[in-house]
Structure formats: C-alpha cells, structure tokens
Amino acid sequence: IFLIIYFIILLLIGIFSSIRKSEDSELFLIANRKLTFWNLIATISAGLLGGGVLITYTAYVYEFGLSAIWFIVGISLGLLFFLSFFKKIKKIADENKLYTISDYFHFTFDKKVGYLSAFVIFIWAFSLILMQFIAGGKLLSTITGFPYEYAVILMGIVVLFYLVLGGFNSVVKTDYFQYVLIVVFSFIVLFALSDKFNFTANQFALDNMGITQSIAFVIIGAFNVIVSADIWQRIFAAKDNKNA
C-alpha cells in the first residue's frame with residue numbers, strides 16, 4: 001500500500017509540474033535557474049543517494065564496517081573542492097544559457113571536446129541508470145513479490161511519465177519528496193532496529209579495508225562529485241552564487 005501511494009505521489013508531481021507552453025523550455029531543461037538553498041540540498045542529496053549507491057554502499061558497510069566511510073569522506077572533499085571553481089562555471093553558464101557539462105566544455109574549448117565529453121557522460125549516465133534500475137527492480141521485487149522484470153518496467157513507466165511531463169522541474173520536485181522520505185525513514189529504521197544491533201569493536205575501526213583501498217575510496221568519492229553531470233547541472237540551475 002505504501003509503495004502504491006509513493007508511486008501515485010510521483011505521478012501527481014509529474015502532472016502538476018507539466019510544462020504546456022513551448023516558451024517554458026528553460027523551465028523544462030533547467031528549472032528556470034531558480035533553485036534555492038533547500039532545493040539544491042534535496043536534489044543533490046537524493047541524487048547522491050540513488051538505488052545503486054544504497055545497495056553497493058550497504059554491501060561495503062556490511063563487509064568493512066565504519067571504514068567504508070572513506071567513500072563519504074571523498075564525496076565531501078569533492079564537494080568542498082567544487083567551491084573553488086563553481087562561481088566561474090556558473091557565471092559562464094548563466095551568461096551563455098548553458099545546460100550541461102558538455103555545453104560548458106563545448107563553449108570553453110571547442111566542438112570536439114564538447115562531443116567527447118558528451119560521449120563519455122553518455123556511457124557514465126547509461127551505466128548509472130542501468131545500475132539504478134537493477135537495484136530498484138531487485139528491491140521492489142523483494143518487497144512486493146512482483147517478478148523482477150515487471151518491477152523494472154513499473155519503475156521505468158513512472159520515471160518516464162514525470163520526466164516527459166515536467167523535465168528537470170519534475171526531477172527537482174520528486175527529489176525533494178524523496179529526500180524527505182530518506183531522512184524520515186532513516187530515523188524510523190534506526191529506531192525499529194535499535195534492539196537488534198550487535199556491533200563489535202572491529203566494525204568501528206577505520207582501517208578494515210587497508211590504506212590502499214581507503215585512499216582509492218577517497219579518490220573515487222571525490223572524482224565522483226567533481227565530474228558529475230548531475231552536480232554541474234544543479235550549479236547551473238541555482239538561483240545565484242549565495243544559494244549555490
């Protein structure tokens with residue numbers, strides 16, 4: 001029942017976010033570049049905590065304990081590093097109506113660099129979407145008992161529905177809704193399972209995966225943010241530098 005309500009809310013968000021006028025292309029593609037502080041927090045956080053990350057990161061925590069936090073340390077360092085140059089890329093994007101990281105490279109360098117970055121990002125995005133659907137399909141299938149294939153198709157229909165209707169404007173609103181759910185249910189799950197925790201001292205050690213792999217996790221986490229098309233697009237969509 002909860003999942004049905006969840007999907008219905010996502011569909012309703014898509015309907016209420018629908019873009020009907022051709023002159024609203026800026027709203028469809030980049031939410032009119034008016035994302036505020038809380039919008040950005042919600043959409044970036046929900047984006048970083050997708051189905052693929054939740055499943056793979058849970059596996060890392062299960063295997064390595066608290067030392068899996070080095071990946072989160074890397075993401076945090078990547079976001080902090082972004083602060084050193086986001087104003088420059090935002091200014092160029094706003095002045096020249098750029099929408100994507102590939103637009104930026106196309107404008108800043110040349111057409112070949114733009115196409116090359118678009119090709120690389122296509123492979124990255126396709127792989128990421130594939131991982132999200134595999135993870136989401138497995139979760140939905142496990143919870144509901146639906147066949148895995150039907151679960152993936154259902155997810156695809158819902159996502160396609162709100163994307164086609166509202167574009168990036170829908171994405172931001174669904175991210176906000178899902179971010180609230182993530183925060184609320186994190187506490188609910190923590191409370192519900194609190195009497196089942198049985199930690200050992202070793203699980204709190206920060207060196208369980210070794211120095212080499214810890215450093216690798218930090219580097220991967222940092223670069224995951226710096227080259228993320230999602231993060232760049234959110235910066236382009238920010239209302240101003242203060243909110244960004």
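The values are calculated or read from the model by the stated rules, or taken from the named source; none is laboratory data. Please read all numbers here as calculations on a predicted model, not as lab measurements. Please note: Cβ atoms are built from the backbone with ideal geometry, for glycine as well, and neighbour counts cover all protein chains shown. Just so you know, the surface numbers come from the protein's heavy atoms only, side chains and all, with ligands and any DNA or RNA stripped out. Shrake-Rupley method; radii C 1.70, N 1.55, O 1.52, S 1.80 Å.
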*Name the residue, out of ALA222, ALA216, ALA201, that is at pLDDT below 90, closer than 30 Å to SER67 by Cβ and small (Gly, Ala, Ser).*
ALA201
*Residue in the stretch 183-205 that is open to solvent by 30 Å² or more (accessible area, probe 1.4 Å), under 28 Å from SER117 (Cα atoms) and not polar (S, T, N, Q) present*: no
*Applying the selection to the stretch 68-109, what residues are of a type in the set (A, V, I, L, M), more than 30 Å from THR58 (Cβ to Cβ) and in contact (Cβ under 8 Å) with a residue 60 or more places away in the chain?*
ILE89, ALA93, LEU98
*Residues of the stretch 182-212 classified as assigned to a helix (DSSP H, G or I), in contact (Cβ under 8 Å) with a residue 60 or more places away in the chain and either of a type outside the set (Phe, Trp, Tyr) or touching a Phe, Trp or Tyr at 6+ places or on another chain (Cβ under 9 Å) (or both), total*: 3
*If a residue has to be touching a residue at least 60 places away in the same chain (Cβ under 8 Å), more than 19 Å from the chain's Cα centre (by Cα) and more than 25 Å from SER170 (Cβ to Cβ) to count, how many in the stretch 216-241 make the cut?*
1
*What about LEU35, is it crowded, with 17+ Cβ neighbours inside 10 Å, hydrophobic (A, V, I, L, M, F, W, C), closer than 24 Å to VAL158 by Cβ and within 18 Å of the chain's Cα centre (by Cα)?*
yes
*Which ones in the stretch 136-148 are surrounded by fewer than 18 Cβ atoms within 10 Å (Cβ to Cβ), in contact (Cβ under 8 Å) with a residue 12 or more places away in the chain and of a type outside the set (Ser, Thr, Tyr)?*
LYS138, LEU139, ILE143
*Breaking point among (1) at pLDDT 90 or above; (2) open to solvent by 80 Å² or more (accessible area, probe 1.4 Å); (3) hydrophobic (A, V, I, L, M, F, W, C); (4) within 25 Å of ILE75 (Cα to Cα), for VAL227*: (1)
*For the subset of the stretch 149-170 comprising residues that are crowded, with 19+ Cβ neighbours inside 10 Å and among the hydroxyl-bearing types (Ser, Thr, Tyr), which member is modelled with the highest pLDDT?*
SER170
*Looking only at the stretch 74-101, count how many residues are touching a Phe, Trp or Tyr at 6+ places or on another chain (Cβ under 8 Å) and open to solvent by less than 50 Å² (accessible area, probe 1.4 Å).*
8
_Odd one out for SER18 among (1) part of a loop (DSSP other than H, G, I, E, B); (2) touching a residue at least 24 places away in the same chain (Cβ under 8 Å); (3) over 26 Å from PHE177 (Cβ atoms)_ = (3)
_So PHE177 passes all but one of these: (1) over 23 Å from ILE1 (Cα atoms); (2) in contact with a helix residue (DSSP H, G or I) (Cβ under 7 Å, 6 or more places away or on another chain); (3) of a type outside the set (D, E, K, R); (4) open to solvent by less than 80 Å² (accessible area, probe 1.4 Å). Which condition number does it fail?_
(1)
